[in-house]
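The values are calculated or read from the model by the stated rules, or taken from the named source; none is laboratory data. For clarity, every value in this text was computed on a predicted model and none was experimentally measured. Counting neighbours? That spans all protein chains shown, and the Cβs are built from the backbone with ideal geometry, glycine included.
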Amino acid sequence: MKNNHYQYVIFSQDATVVSQLKLQFQKLGLEYSLVHELISFQELMETAVRPFSLIDLDLIKLGMDPLSLLFERKNQVPVFLLVPAENEDTAIELLDHGVLDYCLKQEDDLSRIISAIGRAERLWQAMQSREEAEISLQELRTIYGLLIETTQEYIVLHDFEGRILYANPAFVEFSGYSMEQILSSNLAMFIPDDQFDLLIQNRDRRTQGEVSRIKYEIDVYLANGSRIPLQASSSPILRGGKAVGILFTASNIFVQKTSQTALRESEDRYRNLIATMEQGLALHEIIQDDQGKVIDYRFLDVNESYLKQTGFSREILGKTVLEILPGVEPSWIEKYGRVALSGEPLNFEDYVASLGKYFEVNAYCPAPKQFAVICSDITDRHKMEAAILLSETRYRSIIETANEGFLQLDANHHITQVNQRMAEMLGYTQEEMFHRPVIEFFFAGEEEDFYRELSFRKQGRSGRYERKYLHKNGSIIWAIVSVGANLSDSNEYLGQFALVTDISEQKRTQQALQQRIYALTQPFDQDLPVDLTDLFNLEELQKLQDLFAKSTGVASVITRPDGTPITQPSNFCSLCKDIIRKTDIGLKNCYLSDAYIGQQNPHGPLIQPCLSGGLWDAGASITVGGKHIANWLIGQIRSEGQDEKNILAYAQRIGADAQLFKEALDNVPVMPLEQFETIAQMVYLLSNELSIRAYQNIQQARFIAEKQKTELALSESLRQTKLHVQELQLLHQIDRAMTNHETIEQVIATILRQIITLAPIQAAVVYLLENNSQNLKLITNANFPTELAANFAKTKNRNCINDVMHNQKLIIEDNLDQVVDRNCENCKPYYSVCMVVPLLIGDQLKGVLQIFTSKNMDIDMDWRSFVASLGLQVAIAIDRMELFAGMKKAKEDLEIAYDATLEGWSRALELRERETAGHSQRVVEITMLLGEAFGLKQDEMIHLRRGALLHDIGKMGISDNLLLKPGKLSADEWIIMRKHPEFAYQLLNGIPYLRPAIDIPYCHHEKWDGSGYPRGLKGTEIPLAARIFALVDVWDALSNSRPYRPDAWSETDILQYFKVNSGTHFDPLVVEKFMDIIAVKNGAVSFP
């Protein structure tokens, strides 16, 4: 038994019992007292610090009742009974009235009394802890009741044994148990065995006195058996500074954990895809110089295909391209820099001289100032195309007989050679195409791409494109065109060559597939029919049917549900094909029979004589999604011993020649019915398989259609997201510009530089109205000739600008004669579209924004909205800068007025206190020098100065009689005088403008060792500003004469005084800094 510092009180008159107890207690060194009388027992209970009573039940027989005395106490005492064997029943009853335990007054029982008392102690402590925890719970409910009851977090209060004392409604609902079940259980019931140590460790840390909040993850079991992860924390419940229980709070992180697992799996799949993809993939970050120009880029990650294509090793990671390929073409760095900075993806083919290879490259921006490339080595393809295109003489005969079209153009894009295949492809003769511009054979709009690609040809680069030509009959010819350049020895552009592959049939097939997919994706409950040929290739079905008929010896045909044929008949007998089906009645009956025998039957094929000719037939249905779409019929055989009278009689009913009918019937093959039934079962199985395949085809078609729909939606979403991101980026840049720049001109210039990074914007200009007039003033321009921009401000060049100013609406002008002086050679080659945007704040026009682009683009509502948003953001920026400028001036004027007022207060205090002239100015200057030495920020220096000026402002609350008293102050007067820092706090704390300067007036009389006033702060508890001024104030006081001390101290004496009082009165670091300033004495301030 541990010594828990109880004072054990043994109340007994039984000498034997007392003797044995003394022996046991003395062995363990436990403190105890012996009491024989009730009055002594009562006195000891009142004076003992932590009593634990052992009471002999025999005393009650002698008229003494210590139990009543103990049970009436507010602070109950643990009670242990020493019981005669004959009174054990009484002891048991007393256990229900507050007694902890008992021991029989027998030698064998008394020998284990120490262990019994130990159990009683632990029981008493548990009862006390539970009681204290329940009291704390009531307090928590009183203070935080509504919060605990309504929060979505799970809250459980339990004691150190894990017994649950309280659970909030959120935990009850989450656990799946009732409140009664929870309160009657232990927290361990919810915790998995493999995590039970967490609870034990948490409890042990609490019992050892740790009070900080402990956070951890733990799983719990719910009533339904599921195991859910929680983010948990525990805090001790304190009562009187003692931990009496644990408050367990938690939140459900199941979704978070599941998402993290899914994310890891997705990342693993993504990395595996990248590692195994055939194309090379590399991630880089750009390197810029001080002016922001991209001068290099660094390799961050690559896949194996990239290393294989380039011949590099993984040692390139972390290195720059110029370190690896010092001779790399600057154009590569420039291209990739544009991708990383603008976010615009780029697709191109180019030659890397340092590697001696051609690459097809797709570059995009995955993160700011980064770019990724997906590349393919196309060197072999280029070599092959170049060999074909540049060996005209050698391969002329091959070209003439080739399946691909061939064109040769001169420098003016006229056709100088065309092969027979090319002419036939477009419906012309070779002679009709000679010497005509190639663009005459293009479909509308293709010439723009042709001229854009022309710059590549002039550089000697080849390319591969998809292009549309116009057939002589007006139809569209789709083609893949491989183009190469014809350069002279001096690299002069002489023309180009092209191999043209007709892919019109592929395009038409794709369109048909799209139509087919559309038909297949319609719901079955619509009236639109689903045809078997929408699901299967008819030629393949025909082959399957023909093979089946040939291998089994039966006739076969696939029909629609009404019996009309879909496929051509296979192995039909002459009787059915040439006689019965040649008559109207016979054909009609055959269709009816095929419709009936092919009807849906889930139990197997329908086998019976044909309803038309009477020969044996069988059929099975083909369905999709429960809808009957076709029948597979077989038959036209006779069985052994079949009665042919009815069959021959059918000839007369349909009007057929009886003799020919009989001869044809004799030629119908005979087959045992058992064999025919087996073949019918095969048809049934094949029909079911076709039904399954049909359903799968529909599901696949729907998946393709849904995927295409999703991709289109995603593409549109990405496009809109890109616009929104650009808009947000611009807003961010505007905010930064307004923070970092002083003038409207600087802010607008920064905004325009950001605008022209948004493709396809090429240039931008901003004009503002002058003094509320209609005169425009050029503020700034980006990528636009300054002289031309200035001319726009003149009336004669403001046609569309005037319209915008008048209507205050966005105008998009693609006829630049309305906007640009066409005599200006600087702008004609570059700009083709101008957008003029009014800069409006409410109804107030601030000016206009002009945006120019060189591309003919599809200007939809999103783009119009985006451009209008740019105008609004520029207008807001202008308005905010104007507002900021006004506010800044007003703030500066107000601060000047405030500071003048403070200096006036300071001078007034000097006059009132008859202070030495210039005291305030001197202490301010020295204080500021020390503030600089400590590296205080500008705003801190401002408050430091104001605090120094107002250091004795609290003396306004001291009467003149006391403040100006010529002699020494009495002890009571010093009490009043020392209140002036508190008066300063009361005065300044209510003024928000001066509240940051309150440290010096309130705390400059505090001392480093804590002996100062008004609060007795010590060390760094004293604000730095007050520690600085405490020394400065003493310096000025000792450096100048006072009425009570006519002679000023010398500098040497003062410095010695500071050294002596460093660490008691003054901050040692402040003393050190001040000594440095005195040593320098650079003239910034003169010290008396």
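For the stretch 358-369, a tally of residues being buried (at least 18 other Cβ atoms within 10 Å of the Cβ) and over 16 Å from Glu278 (Cβ atoms) returns 3. Scanning the stretch 338-349 for residues that are closer than 18 Å to Gly463 by Cα and surrounded by 16 or more Cβ atoms within 10 Å (Cβ to Cβ), we see that the one that is farthest from the chain's Cα centre (by Cα) is Glu349. For the stretch 565-584, the criterion of being loosely packed, with under 15 Cβ neighbours inside 10 Å, hydrophobic (A, V, I, L, M, F, W, C) and touching a residue at least 40 places away in the same chain (Cβ under 8 Å) is met by none of the residues. What tally of residues in the stretch 678-717 results from selecting those that are under 30 Å from Ala367 (Cβ atoms) and either modelled with pLDDT under 70 or touching a His at 6+ places or on another chain (Cβ under 9 Å) (or both)? Total satisfying the criteria: 1.
Being of a type in the set (D, E, K, R) and under 19 Å from Asn202 (Cβ atoms) is the filter; apply it to the stretch 214-238 and report the residue that is surrounded by the fewest Cβ atoms within 10 Å (Cβ to Cβ).
Narrowing the stretch 214-238 to residues of a type in the set (D, E, K, R): 215, 217, 219, 227.
Then keep just the ones that are under 19 Å from Asn202 (Cβ atoms); that gives 215, 217, 219.
Values: Lys215: 10, Glu217: 13, Asp219: 17.
If we take residues in the stretch 214-238 being of a type in the set (D, E, K, R) and under 19 Å from Asn202 (Cβ atoms), then Lys215 is surrounded by the fewest Cβ atoms within 10 Å (Cβ to Cβ).
Taken over the stretch 304-337, the criterion of being more than 18 Å from Ile287 (Cα to Cα) and within 30 Å of the chain's Cα centre (by Cα) is satisfied by Glu304, Tyr306. In the stretch 974-997, which residue that is touching a Pro at 6+ places or on another chain (Cβ under 7 Å) and hydrophobic (A, V, I, L, M, F, W, C) is farthest from Lys955 (Cα to Cα)? Residue satisfying both the conditions and the ranking: Leu988.
Would you please name the residue that is modelled with the lowest pLDDT, looking only at residues in the stretch 753-798 that are among the polar types (S, T, N, Q) and loosely packed, with under 15 Cβ neighbours inside 10 Å? Only one residue fits best here, namely Thr795. Pairs linking a residue in the stretch 991-1010 that is over 18 Å from Val1060 (Cα atoms) to a residue that is outside any helix (DSSP H, G or I) and among the aliphatic types (A, V, I, L, M), with Cβ atoms under 8 Å and 6 or more positions apart or on different chains, are Leu994/Leu950; Ala997/Leu950; Ile1000/Leu950; Pro1001/Leu950; Cys1003/Leu1017; Cys1003/Ile1022.
Given the criteria buried (at least 17 other Cβ atoms within 10 Å of the Cβ) and modelled with pLDDT of 90 or more, does Val418 qualify? Criteria met by Val418. Only one of these is modelled with pLDDT under 75 and outside the structural domain of Leu94 (by TED's automatic domain parsing): Lys2, Lys61. Name it. Sole residue among the options that is modelled with pLDDT under 75 and outside the structural domain of Leu94 (by TED's automatic domain parsing): Lys2.
The residue of the stretch 190-211 that is nearest to Gly245 (Cα to Cα), among those that are aliphatic (A, V, I, L, M) and at pLDDT below 85, is Val211. Of the set (1) at pLDDT below 90; (2) under 51 Å from the mean Cα position of the chain (by Cα); (3) among the aromatic types (Phe, Trp, Tyr), all apply to Phe934 but (1). Scanning the stretch 422-463 for residues that are under 28 Å from Lys383 (Cβ atoms), touching a helix residue (DSSP H, G or I) at 6+ places or on another chain (Cβ under 8 Å) and charged (D, E, K, R) yields a count of 1. Residues Asn631, Asn646: which one is surrounded by 14 or more Cβ atoms within 10 Å (Cβ to Cβ) and of a type in the set (S, T, N, Q)? Being surrounded by 14 or more Cβ atoms within 10 Å (Cβ to Cβ) and of a type in the set (S, T, N, Q) holds for just one of Asn631, Asn646, which is Asn631.
The residue of the stretch 1012-1047 that is modelled with the highest pLDDT, among those that are in a loop (DSSP other than H, G, I, E, B) and in contact with a Ser or Thr (Cβ under 9 Å, 6 or more places away or on another chain), is Lys1018.
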